[in-house]
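The values are calculated or read from the model by the stated rules, or taken from the named source; none is laboratory data. This structure is a prediction, so every number in the text was calculated from the model and none was measured. Here Cβ is always computed from backbone atoms with ideal geometry, including for glycine, and neighbour counts include all displayed protein chains. Remember, those area values only see protein heavy atoms, side chains included, never the ligands or the DNA or RNA. Shrake-Rupley method; radii C 1.70, N 1.55, O 1.52, S 1.80 Å.
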Amino acid sequence: MRAHPVLDPGIPLSKYRYADLSVSNPDLREGFKDVGACQAYLDRVLQREGGAVAWGGYLERRNLYQGFTHFNPAGATRREYHLGLDFWAPGGTGVHAPWKGTVHSWGHLRAPGDYGPVIILEHILGGSPLFALYGHLSPESLHGLYPGKPVGAGQQLGWLGAPRDNGGYAPHLHFQLIRDLQGCKGDYPGVCASAELSLYSHNCPNPMEWLGYF
């Protein structure tokens, strides 16, 4: 099934560039000290490669979350494996559904490091339900939602949120596919610990294998 762009279709896919934010990237040994440092790094990648959108992150082991107690409460196993795919672009960029679906649930998770505004859609792909989580949106993206609301393929869902609204990150879309929501509504883990990686990687398939953009 053809997948429409998840961001503003006015930005051609030829302008998307891969960005490595993993702990294995020698340029990021110390991670990011703040939102500005992350944005500056992404800007350098895009400027160097002539791109407009940076993407990547599925199953990356990142140190991006170390400063957020939401991810790493005292005494807990560190969560550092990223389960979705990120698309980094300016705040206010339109977010679109790649396939038709219906609204399953939504939330506004305000803790530092969390999703901020998030929408979960239910899609039917290959004859089976597959849920897609759209995180780090703007608050306005949540207006007018109701369970079961139909969403057309390519239809705009909302906009990328600014750091003050999206959990404290450089603006981006966290796009995650989920086979079984395990009873969750308006939320689902987007980062896991190493001991959970086998379970979550099975339940959260690689989005790029479904989107097929590149």
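For segment 1-23, which positions are open to solvent by 40 Å² or more (accessible area, probe 1.4 Å) and either modelled with pLDDT of 95 or more or closer than 22 Å to GLY113 by Cβ (or both)? Those that are open to solvent by 40 Å² or more (accessible area, probe 1.4 Å) and either modelled with pLDDT of 95 or more or closer than 22 Å to GLY113 by Cβ (or both): HIS4, ASP8, PRO9, GLY10, PRO12, LEU13, SER14, LYS15, ARG17, TYR18, ASP20, VAL23. If only residues of segment 127-172 that are in a loop (DSSP other than H, G, I, E, B) and of a type in the set (A, V, I, L, M, F, W, C) are counted, the one that is least open to solvent (accessible area, probe 1.4 Å) is ALA170. Screening segment 188-200 for residues that are part of a loop (DSSP other than H, G, I, E, B) and within 21 Å of PHE87 (Cβ to Cβ) and picking the one that is most open to solvent (accessible area, probe 1.4 Å) gives PRO189. For segment 173-187, the candidate set comprises residues that are in a loop (DSSP other than H, G, I, E, B), closer than 23 Å to ALA3 by Cα and free of Cβ contacts under 8 Å to residues at least 60 places away in the same chain; within that set, the residue that is most open to solvent (accessible area, probe 1.4 Å) is ARG179.
List the pairs whose first member sits in segment 58-76 and is more than 15 Å from SER194 (Cα to Cα) and modelled with pLDDT under 75, whose second member is not aliphatic (A, V, I, L, M) and not in a strand (DSSP E or B), and whose Cβ atoms are under 6 Å apart, counting only residues at least 6 apart or on separate chains? These pairs meet every condition: HIS70/GLY113; HIS70/ASP114.
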